[in-house]
Amino acid sequence: MAGISKGKDGRVRICFMLGVNNPRAIRIGKPGDRAAENFRSHIATIVQDLALGQPHDTETLNWLRKLSPT
């Protein structure tokens, strides 16, 4: 599961848990609502795949390949 957190300055973080008591966040800047939800959805899928020990689907892998390394 992943959630969207917006700061007072409009910057967005995707918050999620990796295992028990291991909260994580990815800062994604100031995207639009649709882009933030798309990012959150992919992160939730990745976290679920890791928890279940299953490989990522093709759509998620293609999305990961398109990400900027910064």
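Structure notes:
- In the stretch 14-70, residue nearest to the chain's Cα centre (by Cα) [restricted to those that are within 13 Å of residue 2 (Cα to Cα) and among the hydroxyl-bearing types (Ser, Thr, Tyr)]: 41
- Any pair with Cβ under 9 angstrom, 6 or more apart, that starts in the stretch 50-62 at a residue that is of a type in the set (Gly, Ala, Ser) and ends at one that is open to solvent by less than 70 Å² (accessible area, probe 1.4 Å): 51/18; 51/19
- The stretch 30-41 residues that are more than 9 Å from residue 14 (Cα to Cα), paired with ones that are part of a loop (DSSP other than H, G, I, E, B) (beta carbon under 8 Å, 6 or more apart): 30/10; 30/11
- Residues in the stretch 18-47 that are in contact with a Lys or Arg (Cβ under 7 Å, 6 or more places away or on another chain) and either open to solvent by 70 Å² or more (accessible area, probe 1.4 Å) or among the basic types (Lys, Arg) (or both): 2 in all.
The values are calculated or read from the model by the stated rules, or taken from the named source; none is laboratory data. What you see is a predicted model, and the numbers here were worked out from it, not measured in a lab. With ideal geometry, Cβ positions are generated from the backbone for all residues, glycine too; neighbour counts draw on all protein chains shown. Surface accessibility is based on the protein's heavy atoms, side chains included, excluding ligands, DNA and RNA. Shrake-Rupley method; radii C 1.70, N 1.55, O 1.52, S 1.80 Å.
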